[in-house]
Amino acid sequence: MKRWRLVISLLFVIFACSGCGLKSAQLKEFTDEKFIMDTLIQVTLYSDDEQRGKEALDKTFAEFEKINNLTDRFPKEGKNASASSDVIKINENAGIKPVQVSADTLNIVQRSLYYAQLSGGSFDITVGPIMDLWGFGKNVQRVPSDEQIKKALSLVDYRKVMVDPNNGTVYLQKPGMSLDFGGVAKGYATEEAAKILRESGIEHAIINAGGNVYALGTRPDGTPWRVGVRDPRDEDGLIAVLSVKDTSVVTSGDYERYFEEGGVRYSHLIDPSTGKQARDLMQTTVVAESSTDADIINKPLFVLGPQRGMSLAKSLQGIGAIFVGADKQVTFTDNLTNQLEFTGNGGYQIINQQ
């Protein structure tokens, strides 16, 4: 039930192309959805060849399955219980030996470490011990003590992740360390899936991986895809609509995974430096060509808050960002002005709208 509540609370609403004028009467719509990576993956594509359209759809979902099998940090149950992901193998060998991994896992680790350094550790894939302490990824969440947090933080340090590209290995220097790809895996899988669609000759498609959206090309009628940015306090409401093509749109919000205790909301968006929730923002949205980068960048922007996060966003070439503050003030980077329409709903104050 928890998983399906997450599905209902998807970060984006896709304005689908049903009913729009197709640029060619021969184009057919192919669409499907599957539950992978703990979320609902929805893919819609257009092709003038039925076999190619169906095969492209199957290949897209197969790519999500592949990345999930490489990056899931929790042991499988049932008939696949003996299978271990790259991440599980790395974590099990922390402080023991380097582990040879796939090219995909190596790419994810290297890109993650790049942004970890760039953000001063505001994004850190070694947060596994902290996530486990709070119970995220497990069935029971709880508020840990400061002493427990301090102990877990001693195992969080991206600088202790050793990568050997020549031998294709990853090594965690300290026993007890563990990687968590929750802040990057869906974005990477979405980007790889979009590559497969292009290689399959697909020119118009939309992928929604639980709110990690990629708009390939335009809609079949030549107009941009329209992606709704949801209201973080109303799952059926929209703050704004973005017009995009060949672009990724990814949101992080404190409503995605959270629990409440004593009237306080505790989300999975945790500051790696404190081991506690970042609370200055309710939501961040990143617009970027790379879905991997958009997925990663969201986390440090959320952790850093509206002022420092905006400074980081502006320093990154080709990155657009929207910040929704806990005070309901909304700010955004200037490069989104011409493709962003605010709805005026929800009582939000757009403080830098032009």
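The values are calculated or read from the model by the stated rules, or taken from the named source; none is laboratory data. Owing to the predicted nature of the structure, the values given are computational and were not obtained by experimental measurement. Cβ atoms come from the backbone with ideal geometry, glycine included; neighbour counts cover every protein chain shown. Only protein heavy atoms, including side chains, enter the accessible area calculation; ligands, DNA and RNA are left aside. Shrake-Rupley method; radii C 1.70, N 1.55, O 1.52, S 1.80 Å.
What number comes out for the charge environment of D157, summing +1 per Lys or Arg and -1 per Asp or Glu over other residues with Cβ under 10 Å away?
Taking every Cβ under 10 Å from that of D157, the sum is +2.
Which net charge results when you count Lys and Arg as +1 and Asp and Glu as -1 among the other residues whose beta-carbon is under 14 Å from that of D295?
Taking every other residue near D295 into account, the sum is -3.
How high is the relative contact order of the stretch 283-333, in percent, with contacts defined as C-alpha pairs under 8 Å that are six or more residues apart?
Once normalised by length, the contact order is 38 percent.
Mind listing the long-range amide H neighbours of D32? Cut-off is under 5 Å, sequence gap 5 or more, other chains count too, H placed in the peptide plane at 1.01 Å from N.
V43
Under 5 Å between amide hydrogens, which residues at least 5 positions from M282 or on another chain qualify, with H placed 1.01 Å from N in the peptide plane?
Correct list: V324, G325, A326.
What is the antiparallel percent of DSSP beta bridges lying wholly in the chain, to the nearest 5?
Once the DSSP bridges in the chain are tallied, antiparallel ones form about 95 percent.
So what is the accessible area of the chain per residue, in Å², with the probe set to 1.4 Å?
In whole numbers, the chain has 45 Å² accessible per residue.
Which of rounded, prolate or oblate describes the chain when judged by the alpha-carbon gyration tensor and an a/c cut-off of 1.5?
Oblate is the answer for the chain, as a/c is 1.5 or above yet b/c matches or exceeds a/b.
How large a share of the accessible area of the chain, in percent, is made up of carbon and sulfur atoms when the probe is 1.4 Å and the other protein chains stay in place?
46 percent
Could you report the accessible area of R257 in Å², rounded to 10, computed with a 1.4 Å probe on the protein chains as they sit in the structure?
Estimated to the nearest 10 Å², R257 gives 80 Å².
Around R233, what is the net charge, scoring Lys/Arg as +1 and Asp/Glu as -1 over all other residues with Cβ under 12 Å from its Cβ?
My count for the surroundings of R233 gives -2.
Does the stretch 144-245 come out rounded, prolate or oblate, given a ≥ b ≥ c as the square roots of the eigenvalues of its C-alpha gyration tensor, rounded meaning a/c under 1.5 and, failing that, prolate meaning a/b above b/c?
Oblate, because a/c is 1.5 or more while a/b does not exceed b/c.
In the full protein assembly as shown, how much of D58 is accessible to a 1.4 Å probe, in Å² to the nearest 10?
The value for D58 is about 100 Å².
Report, by chain and number, residues whose modeled amide H sits under 5 Å from the one on R230, excluding near sequence neighbours (fewer than 5 apart, same chain).
Correct list: V13, I239.
Can you pull the accessible area of Y115 for me, 1.4 Å probe, Å² to the nearest 10?
Accessible area, nearest 10 Å²: 20 Å².
Can you tell me the dipole magnitude for the chain around its Cα centre, using point charges on the Cβ only (Lys, Arg +1; Asp, Glu -1), in Debye to the nearest 20?
Charge dipole, the chain, about its Cα centre: 720 debye, nearest 20.
In a GNM of the chain with a 10 Å cut-off on Cα contacts, which of D180, D72, D221 has the highest mean-square fluctuation?
Result: D221 has the largest fluctuation of those listed.
Got a sec? What order do E33, E256, E199 fall in by accessible area at 1.4 Å, biggest, i.e. largest, first?
Largest to smallest exposure gives the sequence E199, E33, E256.
In whole Å, how far is the Cα centre of the stretch 179-222 from that of the stretch 301-354?
23 Å
When only Cα pairs under 8 Å and 6 or more residues apart are kept, what is the percent relative contact order across the stretch 212-332?
Here the relative contact order equals 21 percent.
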